[in-house]
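Notes follow once the structure below has been shown.
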Amino acid sequence: MFYWFLKVFALGPLLKTVFRPWVEGLENVPREGPAILVSNHLSFSDSVWLPLVVPRRITFPAKIEYFIGTGIKGRLTALFFRGIGQVPIDRAGGRASQIALDAGLRILQRGDLFGIYPEGTRSPDGRLYKGKTGVARLALASGAPVLPVAMIGTDKMQPPGKALPKLMRPGVRIGKPLDFSRYEGMEDDRFVLRSVTDEIMYELMELSGQEYVDIYAQRSKEDSQAKRRAVESGDRPASGSGSGDATTTDRPEEPGSAVRKAS
């Protein structure tokens with residue numbers, strides 16, 4: 001109930017009036033029944049604009065720290081994240097992925113929409129990074145259609161570290177549903193999971209126009225931090241370190257290629 005109050009009567013109209021977000025492909029979102037909205041991730045505000053332009057509620061997983069803060073700021077933060085349809089996920093103990101997938105499966109089984117970022121974290125430089133296979137496992141386990149979603153310009157609107165967005169129009173581009181029913185019952189096959197994930201990332205690349213980088217975004221962030229620390233300490237980065245991998249810009253493999261390689 002509070003979600004709809006915030007979206008329809010409070011936050012939604014204000015944001016739409018001030019920022020005028022545009023959306024393409026809204027007709028691809030089913031009017032009822034489950035679907036997985038799989039999006040690139042450029043900015044903190046991505047989880048605001050996508051639910052704002054889609055008439056149905058979209059639930060995203062969010063780290064539990066957003067929900068357990070103390071004081072007025074902590075309570076307001078928790079209220080905001082619940083209001084935009086996010087559910088808390090405890091990422092302690094290294095089980096974050098499975099916990100998020102279990103939550104997503106329950107939401108889909110209710111016939112609702114679930115949103116997920118396959119890169120696992122925000123892009124550090126605006127490029128599209130390698131997808132994690134959890135999204136494929138969720139798609140195969142649930143049987144729900146997958147809608148690729150490209151957020152456009154949100155990284156320029158609210159770059160990492162900026163608390164307030166710039167006054168410009170964000171865009172949301174929603175692609176046609178992807179059907180992976182041909183892989184039913186194969187959610188434990190790692191080659192199938194990689195093939196499905198690469199197909200999804202290929203669609204995201206086509207929708208967003210982003211350059212694709214064939215490493216994980218978190219790895220790129222860690223390499224950049226290591227290089228920065230090395231420069232600050234006066235050390236020279238080791239030759240052949242992982243930091244060079246961030247320049248790898250191969251396209252995601254064509255659908256089914258990972259399966260063919262395994263055969």
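The values are calculated or read from the model by the stated rules, or taken from the named source; none is laboratory data. Since the structure is predicted, the reported quantities are computational estimates derived from the model, not experimental observations. Please note: Cβ atoms are built from the backbone with ideal geometry, for glycine as well, and neighbour counts cover all protein chains shown.
Against the test of being farther than 21 Å from L101 by Cα, in contact (Cβ under 8 Å) with a residue 12 or more places away in the chain and surrounded by 12 or more Cβ atoms within 10 Å (Cβ to Cβ), the options A230, A217, A226 yield a single qualifying residue, A226.
Report whether or not W49 is out of contact with any Gly (no Cβ under 7 Å at 6 or more places or on another chain), surrounded by 12 or more Cβ atoms within 10 Å (Cβ to Cβ), modelled with pLDDT under 85 and at negative phi.
Details: out of contact with any Gly (no Cβ under 7 Å at 6 or more places or on another chain): yes; surrounded by 12 or more Cβ atoms within 10 Å (Cβ to Cβ): yes; modelled with pLDDT under 85: no; at negative phi: yes.
Against the criterion (out of contact with any Gly (no Cβ under 7 Å at 6 or more places or on another chain), surrounded by 12 or more Cβ atoms within 10 Å (Cβ to Cβ), modelled with pLDDT under 85 and at negative phi), W49 does not qualify.
Buried (at least 20 other Cβ atoms within 10 Å of the Cβ), acidic (D, E) and closer than 26 Å to S142 by Cβ: does that describe D189?
Values: buried (at least 20 other Cβ atoms within 10 Å of the Cβ): no; acidic (D, E): yes; closer than 26 Å to S142 by Cβ: yes.
Against the criterion (buried (at least 20 other Cβ atoms within 10 Å of the Cβ), acidic (D, E) and closer than 26 Å to S142 by Cβ), D189 does not qualify.
I'd like the full set of residues that are of a type outside the set (G, A, S), at pLDDT below 80 and surrounded by 18 or more Cβ atoms within 10 Å (Cβ to Cβ), limited to the stretch 89-120.
If the condition is that a residue be of a type outside the set (G, A, S), at pLDDT below 80 and surrounded by 18 or more Cβ atoms within 10 Å (Cβ to Cβ), then I89 is the only one that fits.
If you go through the stretch 100-121 and keep only what is touching a His at 6+ places or on another chain (Cβ under 6 Å) and either among the hydrophobic types (A, V, I, L, M, F, W, C) or within 11 Å of L37 (Cβ to Cβ) (or both), you end up with just Y117. Of the residues P159, P165, the single one that is at pLDDT below 90 and touching a helix residue (DSSP H, G or I) at 6+ places or on another chain (Cβ under 6 Å) is P165. So for the stretch 160-172 (the condition being under 17 Å from V29 (Cβ atoms) and surrounded by 20 or more Cβ atoms within 10 Å (Cβ to Cβ)), does at least one residue qualify? Scanning the stretch 160-172 turns up at least one residue that is under 17 Å from V29 (Cβ atoms) and surrounded by 20 or more Cβ atoms within 10 Å (Cβ to Cβ).
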